[in-house]
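Working notes, structure below.
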4 protein chains.
Amino acid sequence: MNKQKNKELGFGKNVDSNFRYIKRDGSINVKRKGLPLFRPFDLFHMLITIGWVQFLFLTALSFLLINGLFALIYFFCGKGAISLIDYSSPVKTYWDSFFFSIQTITTVGYGGMRPILLSTKIISSVESFIGLLGIALVTGLLYGRFSRPVAKIKYSDLAVVTPFKTGNAFMVKLANQRSSKLIEAEVSMFLSYSIGEGRVNLPMELDLKKIDFLAMTWTVVHPINENSPWVGLTEVDMKKGNAEVVILLKAFDDTFSQTVYSRTSYKYDEVQWGAKFKTSISTENNQVTVDLDRIDELEVVELNT
Amino acid sequence: MNKQKNKELGFGKNVDSNFRYIKRDGSINVKRKGLPLFRPFDLFHMLITIGWVQFLFLTALSFLLINGLFALIYFFCGKGAISLIDYSSPVKTYWDSFFFSIQTITTVGYGGMRPILLSTKIISSVESFIGLLGIALVTGLLYGRFSRPVAKIKYSDLAVVTPFKTGNAFMVKLANQRSSKLIEAEVSMFLSYSIGEGRVNLPMELDLKKIDFLAMTWTVVHPINENSPWVGLTEVDMKKGNAEVVILLKAFDDTFSQTVYSRTSYKYDEVQWGAKFKTSISTENNQVTVDLDRIDELEVVELNT
Amino acid sequence: MNKQKNKELGFGKNVDSNFRYIKRDGSINVKRKGLPLFRPFDLFHMLITIGWVQFLFLTALSFLLINGLFALIYFFCGKGAISLIDYSSPVKTYWDSFFFSIQTITTVGYGGMRPILLSTKIISSVESFIGLLGIALVTGLLYGRFSRPVAKIKYSDLAVVTPFKTGNAFMVKLANQRSSKLIEAEVSMFLSYSIGEGRVNLPMELDLKKIDFLAMTWTVVHPINENSPWVGLTEVDMKKGNAEVVILLKAFDDTFSQTVYSRTSYKYDEVQWGAKFKTSISTENNQVTVDLDRIDELEVVELNT
Amino acid sequence: MNKQKNKELGFGKNVDSNFRYIKRDGSINVKRKGLPLFRPFDLFHMLITIGWVQFLFLTALSFLLINGLFALIYFFCGKGAISLIDYSSPVKTYWDSFFFSIQTITTVGYGGMRPILLSTKIISSVESFIGLLGIALVTGLLYGRFSRPVAKIKYSDLAVVTPFKTGNAFMVKLANQRSSKLIEAEVSMFLSYSIGEGRVNLPMELDLKKIDFLAMTWTVVHPINENSPWVGLTEVDMKKGNAEVVILLKAFDDTFSQTVYSRTSYKYDEVQWGAKFKTSISTENNQVTVDLDRIDELEVVELNT
């Protein structure tokens, strides 16, 4: 066992030893209570970080619901409230009210249908104002989604313990999944596991901590030597200690000129002992190609002892 | 009394000793005169930083006022200025002018009402141009409000002096109130109090200055030992010296990839001597939960002497 | 004369000794030739950095010119090209075309006037597309103008040489002119003057280089001691050497969480020898007030020799 | 041969020795496979980084295609689907449908043509919603294009090897091509060449690594002395080793207050041995002028041996 200083992560000391700090997608495994009900920033944050399909679905749904609601209000304004509307049946009236609502909120305003009564004039005014705020909001959300500088790093599904020089090493393979350029990429790792009553977080020294361009794949190497918290530990020890390797990556995103962070973790059962990564780089006609699909390809090797 | 170097805050030396540097909400307690009257940036800054209710109220109010004003101008353009307007009574004419104004500024333009005279054609052109600028402005304001990277930290209402190891410590509890991730959080503290004629600002060393993730609550601990400016001072001394503890927090906001700052202060009467924070973290079924409502819960303890 | 290392500014060595590096407003005194003709970014940069009056004037002018041009095109499409247009006189036709153009580009589209011929249908389609791009552009410009993080620092009109401790000091007074909070403000200064054939740039050490909050005024002090490039130099020497003091300020803007820079310079004839700054801070009823109008107030003092 | 430490760039070790790391425009010479098909961020990134002509062309093309498609849908809704449309011939019907589509998506909505059937009411509602999203997207793209902080550095076409002091030096000339101010500019260089089986990347020390203002041209100088990886190497050796000099520039952009990066590389055949840069700075009437067109002007000189 080595004597490196325990690292303070911010998760406290009384955390259950079965706890996983960081989920595979990099999110932190903590729930929070007691937050205020109306939290515009967190709503914005959610709409910025969800997937595109969910985002477009939520936007379209909100659009439909708001128009459905306004259609209902116009509907109850009664006959003659809006010009040219078909008042022959309630269903037709509702649908025409719905389309009038859409023409108002999008500011298309063809004008065939237009408000006649004072009530519909007021409501359509309010609706067009809400429409403007909505357009402003969607513009901000779309821009926010695109301009938010996040590193999208593809980490290998499994980490490996593999022969390295005269000993062994813990290795993880990663690559930039985006077309943005990541420069000055830097990785830090630590091992968290339970020992006796408590849990320790020990830094893992890397063979190469920083590279200038994250243009290809990067196999991050932690040599298991006398300075490593891994020294002397077996696959069984790791399981017993509910071990988790946390990986933090920091880089400079050249597109938006900002520092970006990424993180992930590997639990003991996501580490393959006695395997190594195959290469995912090929060179043909002076063109270097990185194949992100092959980042997970492993082959079995004999570990040094 | 220790010999640590006085810290220069930027508040000068001739400040009244009853002065509070930093208000609880983190704003700086200084008024400024002699500013130019027309300050677009400060107006923008205000509209970005006020609460949501005020912001929406101000936006709606401006919208109503501008339209009320344009309605007045259309009203005075006289009969026949706008098609389809009800000229049977001044009130009706004004209201129709008002709705025409709204249909113009929002660019809805149904077209039932449309400018007939040269005067109203010119005015409605100007108004639609102003409408575009207004939409642009509101878009910028909404985006600015959301994307502005601010740490929203919940600090405990009271700080405590509590037993710590063989002595005592000054402690403050804090948590991130937002769903954005704060990483590499760092806190610095200093004690400001009056001694003789002058006022000193002395740094307070922390047991743990930096954590990797501000995911749970963080109890920041200043041990009262021989290096502490608190050593030998009693609750009464603190009151006499009009003591204020200023707290600065710096972290990296993972959502917008920017460094954010937060600050607050505790005056001598916001420090509870002989109390400690109860835990606000619970673990159930491998799920760690932080309860922000319980951040202020204290229990009485006996201080070490 | 001291032996401090010459600082490399980036202005080269063959610069005329009458040259002023930095203008009072902080801009760099260099002209550039050979730039490409079409430079969208520089145009954007200009529209972001000019004053509000110029910006609004340019925006309104562009709006008028574009519509004037489209009006001309519609005009030449001939009679019956657009419905409801007054074809009784060329002037009336042009004006109606002009208003149709505005209703199209702003997307108001009342619809009384609408394109009838194929030619006007095509042109109005193009115009409405240009309108959308224009709205997008103005939105970006407005947001860019507001969100661009710039320190707006008010520097005292004159610098002073004033008694300080047992010797003298060169002093400049400055304050934040905006309501945004500037924290961790840091100043560096150097003296540039001609000696013999060449020109030297020598750093000037400051009594206090950094403050936590730029909340009040800050009098930056360079003591004229044996380490100072000023030592032994008189007002006459400064004039002979065409001396210029360049001041660089760096701070963290709390509103947009970004580092901002400001700079200015004082030529030899903007330095008052034997004067000191009056205070511009007053405390009443526990409220500290900074008066930016009084930042330039000086009083005559006797220098130490 | 010197003993400087090999620099790790992130390109791996098995790269073909004919490979060029960095293209002249600063892009990294690596292709990537295995990316997901739908990558909104990369699309955004592309639309942000392509030239203005391509961007406007793609925007206009998308606009035409979307409207062409919707016109087709309206066309197949049959006679009477939209008011006022010319149904006398399929071509005329299609064109009128096309213009109706444009009037809908731009939210102009004159209203002469308006949806009559339920089908066209639904389709035009969808189209106006898509229009809003499109406007939001274009706004974000335009702002993103302008506000993205990139250094646009003009590097001399050729690097030179030129006499310097008692020896020689490798020199590159560069200038800021934009009107934005670049401050605290910093350059690092390294030489990459093949030796035996492998390829080494050796840092090149610079005479001046950092300047305060990149206001004029900057000739970056690497003296070829005993610490230089160039020492003892001839033009022929450079060709044999397929040498490449990679240049990284980092500066602070004063307009958007962000750190920006630029890079380029010179292959062995882009280095002129025995030449020096002519000056491109002139001073007239106290006005310093930099001529970017003359940055490439060379004159032949004799090298020191």
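Evaluate E = 1/(1 + (r/R0)^6) for D:Ser27 and B:Phe38, where r is the Cβ-Cβ distance and R0 equals 35 Å; express this FRET efficiency to the nearest 0.05. Computed FRET efficiency for D:Ser27 and B:Phe38: 0.15. Extent of the protein assembly as shown along its three principal axes (Cα atoms, max minus min coordinate, largest first): 86, 83, 83 Å. In nanometers and ordered shortest first, the copy-to-copy spacing of the C:Val231 label point, defined 7 Å from Cα toward Cβ, is 3.8, 3.8, 5.3. Positive end of the dipole of chain A (Cβ unit charges, origin at the Cα centre): among A:Val301, A:Val271, A:Trp52, the Cα lying farthest that way belongs to A:Trp52.
Computing FRET efficiency as 1/(1 + (r/R0)^6) for B:Thr166 and B:Lys278, where r is the C-beta to C-beta distance and R0 is 30 Å, gives about 0.85.
Distances between copies at C:Asp269, taken between label points 7 Å from Cα along the C-beta direction, are 5.8, 5.9, 8.3 nm in increasing order. Distance to the C-onto-B rotation axis is smallest for one chain C Cβ; residue and value in angstrom are C:Gly111, 2. Here r is the Cβ-Cβ distance between A:Glu205 and A:Phe76 and R0 is 51 Å; the resulting FRET efficiency, rounded to 0.05, is 0.10.
Using the Kirkwood radius over C-alpha pairs as Rh, can you work out the diffusion coefficient of the stretch D:111-187 via Stokes-Einstein at 25 °C, viscosity 0.890 mPa s, in µm² per second? Present the calculation step by step, with values, prior to reporting the outcome.
Numbers: Rh = 18.3 Å.
D = 134 µm²/s.
Filter the chymotrypsin sites (Phe, Trp or Tyr not before Pro) in the stretch C:169-198 to those in DSSP coil with at most 11 other Cβ atoms within 10 Å of their Cβ, and list the result. Don't skip to the end; give the middle numbers.
Numbers: sites: C:Phe170, C:Phe190, C:Tyr193; in loops: none.
Within the stretch C:169-198, no chymotrypsin sites (Phe, Trp or Tyr not before Pro) qualify (loop, at most 11 other Cβ atoms within 10 Å).
Remark: the stretch D:40-147 projects, on average over all directions, an area of 7.3 nm² (convex hull of Cα atoms). Listed values for the stretch A:105-112 are Karplus-derived 3J(HN,Hα) couplings in whole Hz (6.51 cos²θ - 1.76 cosθ + 1.60, θ = phi - 60°), namely 5, 7, 6, 5, x, 3, x, x, and x replaces Gly and Pro.
In the frame of its principal axes, chain A has Cα extents of 89, 58, 33 Å, reported largest first. Using Cα centres only, tell me the gap between the stretch B:22-52 and the stretch A:76-95 in whole Å. Centre-to-centre (Cα) distance: 50 Å.
Where the centroid of each part is defined by its Cα atoms, how far is the stretch D:264-305 from the stretch D:106-164 in Å? Rounded to whole Å, the Cα centres lie 40 Å apart.
For C:Thr162, C:Thr106, A:Thr289, what ranking results if the residue with the fewest other Cβ atoms within 10 Å of its Cβ goes first? Before the final figure, lay out the partial values.
On the way: C:Thr162 24, C:Thr106 27, A:Thr289 15.
Final ranking by Cβ density, sparse to dense: A:Thr289, C:Thr162, C:Thr106.
With an a/c value of 1.5 or above and a/b larger than b/c for the gyration tensor axes a ≥ b ≥ c computed over the alpha-carbon atoms, the stretch B:52-91 is described as prolate. For the stretch D:127-143, backbone phi angles converted through the Karplus equation (6.51, -1.76, 1.60; θ = phi - 60°) give residue-by-residue couplings of 5, 5, 5, 4, x, 4, 4, x, 4, 4, 5, 5, 4, x, 5, 4, 5 Hz, Gly and Pro being listed as x. Compared with the dominant Cα axis of chain C, that is its longest principal axis, helix C:52-76 is turned about 20°.
Loop-only trypsin sites (Lys or Arg not before Pro) in the stretch B:156-205, please: DSSP not H, G, I, E or B, and at most 12 other Cβ atoms within 10 Å.
B:Lys165
Which of the chymotrypsin sites (Phe, Trp or Tyr not before Pro) across the stretch B:49-132 are loop residues per DSSP, with 16 or fewer other Cβ within 10 Å?
Numbers: sites: B:Trp52, B:Phe55, B:Phe57, B:Phe63, B:Phe70, B:Tyr74, B:Phe75, B:Phe76, B:Tyr87, B:Tyr94, B:Trp95, B:Phe98, B:Phe99, B:Phe100, B:Tyr110, B:Phe129; in loops: B:Tyr87, B:Tyr110.
Of the chymotrypsin sites (Phe, Trp or Tyr not before Pro), the ones in loops of the stretch B:49-132 whose Cβ has at most 16 other Cβ atoms within 10 Å are B:Tyr87.
For chain D, the residue among D:Ile85, D:Ser27, D:Tyr261 whose Cα projects farthest onto the positive side of the dipole built from Cβ charges is D:Ile85.
Close Lys pairs in the stretch D:168-305, defined as Cα atoms under 23 Å apart and 8 or more places apart or on different chains, number 24. Proximity of backbone amide H atoms, modeled 1.01 Å from N, is registered between D:Val288 and C:Lys31 at under 5 Å, excluding neighbours fewer than 5 places apart on the same chain.
Placing a label point 7 Å from Cα along the Cα-to-Cβ axis, D:Thr289 is separated from the same position in the other copies by 5.2, 5.3, 7.4 nm, shortest listed first.
Do you know the relative contact order of chain B, to the nearest whole percent, from alpha carbon pairs under 8 angstrom that are 6+ apart?
Working: 505 pairs, mean separation 59.8, N = 305.
This gives 20 percent for chain B.
Reported value for the stretch C:153-300: 118 Å³ per residue, from the convex hull of its C-alpha atoms. Across the stretch A:94-178, the mean sequence separation of Cα contacts (distance under 8 Å, 6 or more residues apart), normalised by length, yields a relative contact order of 21 percent. Dividing the helix sum by the residues of chain C, where each DSSP H run of 4 or more adds -39500 (n - 2.57), gives a mean residue ellipticity at 222 nm of -9500 deg cm²/dmol.
A cut-off of 5 Å between modelled amide H atoms, ignoring neighbours fewer than 5 places along the same chain, links D:Phe164 with D:Ala169, D:Asn304. Listing A:Asp269, D:Asp207 from fewest to most neighbouring C-beta atoms within 10 Å gives A:Asp269, D:Asp207. Note that the stretch D:245-254 has calculated 3J(HN,Hα) couplings of 9, 9, 10, 10, 10, 10, 8, 10, 7, 6 Hz, one per residue in order, obtained from phi through the Karplus relation 6.51 cos²θ - 1.76 cosθ + 1.60 (θ = phi - 60°); glycine and proline are x. In a reduced charge model with +1 at each Lys and Arg Cβ and -1 at each Asp and Glu Cβ, chain D shows a dipole moment near 980 debye about its Cα centre.
Backbone amide hydrogens, once placed in the peptide plane, bring A:Thr255 within less than 5 Å of A:Lys181, excluding anything fewer than 5 places away on its chain.
Could you work out the relative contact order of the stretch C:40-147, using alpha carbon pairs under 8 angstrom and six or more residues apart, expressed as a whole percent?
Numbers: 87 pairs, mean separation 31.3, N = 108.
After rounding, I find 29 percent.
About its Cα centre, the stretch D:135-182 has a charge dipole of approximately 140 debye under the convention of +1 per Lys or Arg Cβ and -1 per Asp or Glu Cβ, with nothing else charged.
Dipole size in debye (nearest 20) for the stretch C:40-147 around its Cα centre, Lys and Arg Cβ +1, Asp and Glu Cβ -1?
Numbers: 5 positive and 4 negative charges, 34 e Å.
That gives the stretch C:40-147 a dipole magnitude of about 160 debye.
What is the helix-to-structure angle for D:40-49, meaning the angle in degrees between its Cα long axis and the longest Cα principal axis of chain D, kept from 0 to 90 and rounded to the nearest 10? For helix D:40-49, the angle is close to 60 degrees.
Where a number appears in this text, it was derived from the coordinates with a stated rule and is not lab data. It should be emphasised that the depicted structure is a prediction, and the values quoted were computed from it without experimental measurement. So basically every Cβ, Gly included, is an ideal-geometry build from the backbone, and we count neighbours across all protein chains shown.
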